[in-house]
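S.K.: Quick one: this structure, given as structure tokens, is what I'll be asking you about.
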Amino acid sequence: MLSLLLTLGLGHAADADVGGYVRVMTRPDFQGGDGKLGYWNLYGRLLNEGPWVALQLNLDLLVPDPGTDAVWSRVVAKLEGGSVWATDDGNGVLGDYRLSQLYVEAGNVLLPDVTWQVGTLWQSFGDLGLYDMRPAQIFFDTVGLSGRYRTDRAELLLGFGDSGYRLKGAEYNTVFTPGGTARVRLGSHAELGVGGEAFFEPQVTGNRYAPHSTPDLAYEDFLRGEMVQAWLQDHPGQAINFPDPQPTSAASYKAIAYAGFGGLGPLVWNNLFASFRRLHPDNTVTETVDGVDYTLYVTDLTDQRYELLVGDELQLRLVPGRLDVVWAGLFGRHWDLDNTLAPSDHNRWYASTVLRLQGYVSDTVHLLAETSVANEVSTQGNAYRLHVDSIFTSTDGVSDTRGLEYGDSDTRTTWQAKAGLVLNPLGPGVYVRPSLRLLYGLQYSTQNNAFGNSFVETLDQYNEFGNVERHWHHVLALEAEAWF
Amino acid sequence: MRWLMPLLLVGCAPKAPPLQATSPLPTVVATAAASTDSRAITAGPVALSDALVETLAARNLTPALVDAAGYADAFAGQRTTAPRLRHLVTQADGAALLVLCEATPRFDSQLNGRFRWVVAVTLSVSPTQDLDLVSTETFDVPVFLSFHHEREPEALAAAAPIVQRHLSRLLDGVLGGL
């Protein structure tokens with residue numbers, strides 16, 4: 001696709017430009033891990049993320065003429081993925097990459113100072129750099145049309161489109177998605193923004209991929225994958241009368257907010273992002289009983305999942321040219337009002353804070369130190385295994401082979417520290433790239449073996465590999481990161 | 001920490017001095033920043049002009065920044081380099097060299113957590129006595145800003161280190177021929 005667009009551009013003497021991002025590393029792990037210090041970037045993205053490559057082609061079809069209302073247009077295509085030869089188990093296979101963005105922009109068509117965009121519509125208020133997270137983003141799932149009006153002080157974006165393929169994949173059904181954002185700059189030291197999007201999936205009788213609900217299903221049976229079995233036990237010999245799915249509609253939404261301020265003394269900038277969303281419901285699960293596959297429609301069992309996410313990041317220039325500090329915090333709360341029985345990613349809260357210091361020995365030689373503390377709490381029973389023999393215990397040390405809990409604690413607490421040498425050819429700055437880093441990372445987690453691994457967890461007497469109790473984890477990292 | 005010392009020493013190693021003028025040469029410097037949103041021409045940010053001045057001073061040149069009020073209106077009507085250089089000559093006040101940095105920053109996209117801008121730069125160095133001997137480089141500098149509120153001035157400031165490098169290369173050619 002990129003080659004095609006480049007060829008198109010050269011043929012019409014248009015301006016083409018390739019930008020992108022690369023992150024590549026090796027992290028020898030002598031404790032049997034997969035090269036990441038912990039499970040995810042709640043503990044800070046550093047040493048907890050794998051490789052990533054993004055290539056973005058920008059092709060000007062009509063170059064903007066500065067200061068005029070002349071029409072301009074361009075094509076943007078972004079290819080990205082998380083695998084690089086010899087750095088991960090994918091070994092750079094192209095199946096790990098996707099064309100994640102493709103859109104055409106046109107400016108000054110119909111309305112002056114308005115930019116129209118057709119294609120993928122993703123928009124974000126900004127980034128929590130230490131977490132590599134973007135809580136305040138919309139249209140991540142949407143293909144459609146947007147119009148953006150921008151002045152020096154304000155920006156308004158309105159759009160609509162379809163999120164069906166992103167949300168439902170091969171079980172596509174149209175998910176109409178309108179939304180928008182508004183952002184205003186207050187003086188030279190503050191900004192505010194709000195936005196949101198809604199997803200509506202209409203009832204379509206006769207379309208098996210449209211939302212349906214199979215009646216008379218119990219949530220506990222859904223969790224165990226025993227809905228059909230339970231129904232057949234209640235209705236012996238009546239398999240032919242298994243209830244038909246009933247068509248319905250589905251809706252979900254997301255609201256986002258942003259506040260930024262800075263440029264005051266050592267405070268470079270502070271970004272506060274928040275989002276609240278109702279997740280779009282699932283459509284089907286499949287159960288097999290007596291060799292027969294049953295497709296069950298679970299819209300009404302999965303339509304009350306909510307997520308709140310709040311994140312803040314503060315950048316300080318403590319000693320100009322010598323020491324910069326970035327401090328971030330994140331809080332998340334997930335509810336699943338359908339599930340009142342079992343722990344899951346939809347019933348939990350988590351909070352963490354990350355502090356990074358970067359000192360400048362010279363323009364290009366820097367020292368980096370970072371630490372983080374995180375707490376993850378399941379609000380619906382145990383979800384974490386704290387010890388090597390946790391498999392034998394549940395609440396109060398009682399084994400329950402039919403229990404819906406997992407492990408022996410509802411809380412996982414994680415502490416990480418990272419330190420090392422950074423070479424920055426372009427000079428000082430926590431986020432100045434490219435960066436070449438030699439880092440050592442240390443993690444303590446209350447959970448046993450809290451990092452990606454291939455350990456055998458069974459306590460079966462025939463386990464040939466044995467088990468190990470381990471709460472400390474060390475990783476050495478050699479990595480490079482660049483935007484271009 | 002002893003293992004760090006060799007790396008730190010390498011990082012602090014002295015660099016070879018740049019090619020220098022044999023005697024101090026008065027040099028006029030102007031930066032002209034255009035915007036895709038406006039026809040107005042403004043002076044570039046201090047970080048950009050400071051970077052140019054620093055590069056010139058390191059080569060035994062005596063840089064003097066021209067006040068943007070003296071060329072902003074004229075440049076708004078002159079969209080190409082040649083007439084702009086001719087206009088600057090009228091304000092050279094006996095200087096031997098002209099340095100003109102014309103830059104147009106343009107927001108590109110949000111890219112993996114950063115705001116990508118592309119700064120289109122035309123950098124010219126010319127003897128004031130003969131503008132036909134002008135040396136010019138035209139290049140694009142992609143820069144990556146952390147925040148949405150950072151706009152054209154911040155993009156120009158972020159491009160300064162790359163502009164410095166191009167200026168150094170141009171000066172090598174110009175000073176070598178003097």
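The values are calculated or read from the model by the stated rules, or taken from the named source; none is laboratory data. Quantities reported herein were computed from a predicted structural model and do not represent experimental measurements. Don't worry about glycine lacking a Cβ; one is built from the backbone with ideal geometry, like all the others, and counts go over all protein chains shown.
S.K.: Looking only at residues in the range A:359-374 that are within 14 Å of chain B (Cβ to nearest Cβ) and assigned to a strand (DSSP E or B), which one is surrounded by the fewest Cβ atoms within 10 Å (Cβ to Cβ)? First the steps, then the outcome.
M.R.: Of the residues in the range A:359-374, the ones within 14 Å of chain B (Cβ to nearest Cβ) are A:359-369.
Add one more test, that the residue is assigned to a strand (DSSP E or B), and what stays is A:359-360, A:365-369.
On the way: A:Gly359: 17, A:Tyr360: 20, A:Val365: 19, A:His366: 24, A:Leu367: 17, A:Leu368: 19, A:Ala369: 14.
Top of the filtered list is A:Ala369.
S.K.: Let me ask something additional. Restricting attention to the range A:110-120, report how many residues are away from every other protein chain (no Cβ under 12 Å) and either surrounded by 21 or more Cβ atoms within 10 Å (Cβ to Cβ) or modelled with pLDDT of 95 or more (or both).
M.R.: 3
S.K.: Then there is this: Taking the options A:Leu436, A:Leu421, name whichever one is surrounded by fewer than 21 Cβ atoms within 10 Å (Cβ to Cβ) and more than 17 Å from A:Glu49 (Cβ to Cβ).
M.R.: One residue alone meets the criteria, A:Leu421.
S.K.: Report, by residue number, each residue of the range A:53-67 that is more than 11 Å from chain B (Cβ to nearest Cβ) and surrounded by fewer than 19 Cβ atoms within 10 Å (Cβ to Cβ).
M.R.: A:Leu61, A:Leu62
S.K.: Follow-up. Do we have B:Ser146 as of a type in the set (Ser, Thr, Tyr), free of Cβ contacts under 8 Å to residues at least 60 places away in the same chain, buried (at least 18 other Cβ atoms within 10 Å of the Cβ) and farther than 19 Å from B:Leu56 by Cα here?
M.R.: Considered against the rule, which asks whether it is of a type in the set (Ser, Thr, Tyr), free of Cβ contacts under 8 Å to residues at least 60 places away in the same chain, buried (at least 18 other Cβ atoms within 10 Å of the Cβ) and farther than 19 Å from B:Leu56 by Cα, B:Ser146 comes out as yes.
S.K.: Pairs only if they're at least six apart or on different chains, beta carbon under 8 angstrom, first in the range A:446-466 and at positive phi, second aromatic (Phe, Trp, Tyr) and assigned to a loop (DSSP other than H, G, I, E, B); list them, first residue then second.
M.R.: A:Asn449/A:Phe455
For every residue, the table says whether it meets (1) of a type outside the set (Gly, Ala, Ser); (2) buried (at least 18 other Cβ atoms within 10 Å of the Cβ).
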{"site": "B:Ala33", "(1), (2)": "no, yes"}
{"site": "B:Ala40", "(1), (2)": "no, no"}
{"site": "B:Val66", "(1), (2)": "yes, yes"}
{"site": "B:Gly70", "(1), (2)": "no, no"}
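S.K.: Here is a follow-up. Given the conditions (1) within 14 Å of chain A (Cβ to nearest Cβ); (2) in contact with a helix residue (DSSP H, G or I) (Cβ under 6 Å, 6 or more places away or on another chain); (3) modelled with pLDDT under 90, and given that B:Ala21 satisfies all but one, which numbered condition is not satisfied?
M.R.: Of everything listed in (1) within 14 Å of chain A (Cβ to nearest Cβ); (2) in contact with a helix residue (DSSP H, G or I) (Cβ under 6 Å, 6 or more places away or on another chain); (3) modelled with pLDDT under 90, B:Ala21 misses just condition (1).
S.K.: Quick check on this structure: which one of B:Ala92, B:Ala69 is at negative phi, at pLDDT below 95 and not in a loop (DSSP other than H, G, I, E, B)?
M.R.: One residue alone meets the criteria, B:Ala69.
S.K.: Does any residue in the range B:26-42 that is within 18 Å of B:Ala159 (Cα to Cα) and away from chain A (no Cβ under 12 Å) come within less than 7 Å, Cβ to Cβ, of a residue that is outside any strand (DSSP E or B) and of a type in the set (Val, Ile, Thr) six or more places away or on a different chain, and which pairs are these?
M.R.: B:Val29/B:Val53; B:Val29/B:Val66; B:Ala30/B:Val66
S.K.: Residue pairs, Cβ under 9 Å, 6 or more apart or interchain, first in the range A:109-135 and of a type in the set (Lys, Arg), second in a loop (DSSP other than H, G, I, E, B) and buried (at least 21 other Cβ atoms within 10 Å of the Cβ). List them.
M.R.: Pairs that qualify, where the first residue is of a type in the set (Lys, Arg) and the partner is in a loop (DSSP other than H, G, I, E, B) and buried (at least 21 other Cβ atoms within 10 Å of the Cβ), are A:Arg134/A:Phe125; A:Arg134/A:Gly126; A:Arg134/A:Asp127.
S.K.: Among (1) crowded, with 21+ Cβ neighbours inside 10 Å; (2) at pLDDT below 95, which single condition is A:Asp234 missing?
M.R.: (1)
S.K.: Picking from A:Tyr219, A:Tyr258, A:Tyr253, which residue would you name as being at pLDDT below 95 and surrounded by 14 or more Cβ atoms within 10 Å (Cβ to Cβ)? Walk me through how you get there before you give the answer.
M.R.: Details: A:Tyr258 fails: at pLDDT below 95; A:Tyr253 fails: at pLDDT below 95.
Sole residue among the options that is at pLDDT below 95 and surrounded by 14 or more Cβ atoms within 10 Å (Cβ to Cβ): A:Tyr219.
S.K.: Next question, about the same structure. Would the range A:212-227 turn up any residue that is closer than 21 Å to A:Ser163 by Cβ and touching a residue at least 40 places away in the same chain (Cβ under 8 Å)?
M.R.: Yes: the range A:212-227 contains one or more residues that are closer than 21 Å to A:Ser163 by Cβ and touching a residue at least 40 places away in the same chain (Cβ under 8 Å).
S.K.: If I filter the range A:248-269 for residues that are of a type in the set (Gly, Ala, Ser) and in contact with a Lys or Arg (Cβ under 6 Å, 6 or more places away or on another chain), do I get at least one hit?
M.R.: Checking the range A:248-269: at least one residue is of a type in the set (Gly, Ala, Ser) and in contact with a Lys or Arg (Cβ under 6 Å, 6 or more places away or on another chain).
S.K.: Right, next: Looking at A:Gln416, is it more than 24 Å from A:Ser362 (Cβ to Cβ), within 28 Å of the chain's Cα centre (by Cα) and either more than 14 Å from chain B (Cβ to nearest Cβ) or crowded, with 16+ Cβ neighbours inside 10 Å (or both)? Lay out the reasoning, then the answer.
M.R.: Values: more than 24 Å from A:Ser362 (Cβ to Cβ): yes; within 28 Å of the chain's Cα centre (by Cα): yes; either more than 14 Å from chain B (Cβ to nearest Cβ) or crowded, with 16+ Cβ neighbours inside 10 Å (or both): yes.
So A:Gln416 fits the description; yes.
S.K.: Of these, A:Ala70, A:Ala86, which one is surrounded by fewer than 17 Cβ atoms within 10 Å (Cβ to Cβ), over 22 Å from A:Gly195 (Cα atoms) and away from every other protein chain (no Cβ under 11 Å)?
M.R.: Details: A:Ala70 fails: away from every other protein chain (no Cβ under 11 Å).
The conditions single out A:Ala86.
S.K.: Determine whether A:Asp127 is at the interface with chain B (Cβ under 10 Å from one of its Cβ atoms), surrounded by fewer than 19 Cβ atoms within 10 Å (Cβ to Cβ) and not hydrophobic (A, V, I, L, M, F, W, C). Give the steps one after another, and end with the answer.
M.R.: Working: at the interface with chain B (Cβ under 10 Å from one of its Cβ atoms): yes; surrounded by fewer than 19 Cβ atoms within 10 Å (Cβ to Cβ): no; not hydrophobic (A, V, I, L, M, F, W, C): yes.
In short, no.
S.K.: While we're here: Being farther than 25 Å from A:Ala136 by Cβ, part of a helix (DSSP H, G or I) and more than 14 Å from chain A (Cβ to nearest Cβ) is true for just one of B:Arg165, B:Arg169. Which residue is that? If you could, list the steps in order and put the result at the bottom.
M.R.: Values: B:Arg165 fails: more than 14 Å from chain A (Cβ to nearest Cβ).
Unique residue meeting the criteria: B:Arg169.
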